[in-house]
Amino acid sequence: MAAKKKPTTKPSAKPTTSKAPAKKVAPSVAVQLLAKLPPIDERHRQAFLRAFTEQQCEAWGSQTKAVNVAEEARKWLPGLFRDLGGKRVMGYSLGRFAWLCQLVADLEDAIAAQSAGPADGATARLERSSAVLLANRARRELVAGLTSVAAGSSQMRKLVAAANDSSPTPHVLVASLVALMQLATRWRRNEELELVCDESGVTAEFLAGVSSTMEALTRANERTYDAPAQNDSAETNRIEGRVLREMQLARLAFSHAKENGLNVSVPVPGKALSTILRSSADASDERPTPPASSPSGIAAAPAPEPMPR
């Protein structure tokens with residue numbers, strides 16, 4: 001008689017765990033505003049850079065924390081943009097405001113890079129470097145194609161030059177690609193120019209590829225990390241110091257405009273800029289006067305202050 005087989009029990013299947021989808025990071029207010037502003041050409045970039053030396057910027061940036069400066073600057077940007085949209089503020093322009101937005105975006109990049117651990121930071125920088133190389137190649141090809149379309153038209157060539165920005169900074173590169181793509185799309189709406197665009201390589205398929213490259217760069221640049229580094233690097237200090245100096249420049253310009261009767265809001269220094277105004281020798285004459293109470297409850301504008309050179 002055959003022995004009875006023992007019933008076999010199937011091992012219970014291990015519960016499968018699925019990873020939560022990666023959280024999509026919304027672009028910061030600085031990046032969103034950059035997309036609405038005209039790109040900064042190299043001539044203006046160099047002029048703005050020469051306003052303050054690297055030593056001046058590092059002197060201010062070494063007294064603050066980058067995360068605090070970035071947070072403070074982000075709070076200022078919407079109000080400055082709103083007032084500049086409908087008013088002429090003497091001593092301050094939309095171009096200068098775009099430069100401040102770009103610096104804030106650069107500071108956010110620097111904070112993200114130094115916040116990563118050694119392995120994650122190296123991987124993130126490698127991915128972003130590769131994305132920048134591909135995006136820069138797409139930008140050069142697009143500029144070459146649009147320049148060919150412009151041919152002998154000096155006005156069209158100027159439009160291409162204004163949209164083109166060779167800066168390797170990811171945020172600036174994306175803004176330049178957006179401006180060039182918008183120009184190409186506008187030209188392709190013209191029946192004759194569409195033919196010339198196709199002959200010059202600026203086809204709908206090519207533009208779709210540029211758009212994908214631009215999106216890949218944006219994704220690579222949106223990586224976030226868990227915690228900020230304990231100390232800011234010297235390079236980060238220089239960027240945050242330049243942000244602080246540009247913030248002070250904007251504050252003084254809006255303060256003067258308010259005194260002259262323009263209906264604008266004067267940005268109020270937060271902890272980071274207040275630290276600078278209290279302690280830095282080259283900001284000793286730029287301290288805001290204590291706000292005086294007014295019937296409306298709105299702080300009065302500070303006394304006239306010298307504009308930094």
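The values are calculated or read from the model by the stated rules, or taken from the named source; none is laboratory data. All values derive from a computational prediction rather than experimental measurement. Every residue, glycine among them, receives a Cβ derived from its backbone with ideal geometry; neighbour counts consider all protein chains shown.
Details
- Hits in the stretch 42-59 - residues which are crowded, with 17+ Cβ neighbours inside 10 Å, more than 16 Å from residue 100 (Cα to Cα) and not aliphatic (A, V, I, L, M): 56, 58
- Of all residues in the stretch 87-107, those that are farther than 18 Å from residue 46 by Cβ have Cβ atoms under 7 Å from Cβ atoms of residues that are among the basic types (Lys, Arg), 6 or more apart or on another chain, in 104/74.
- Residue match in the stretch 153-168 (condition: more than 26 Å from residue 102 (Cβ to Cβ), part of a helix (DSSP H, G or I), in contact with a Ser or Thr (Cβ under 8 Å, 6 or more places away or on another chain) and hydrophobic (A, V, I, L, M, F, W, C)): no
- Residue within the stretch 179-198 that is over 17 Å from residue 41 (Cβ atoms), small (Gly, Ala, Ser), outside the structural domain of residue 102 (by TED's automatic domain parsing) and in a helix (DSSP H, G or I) present: yes
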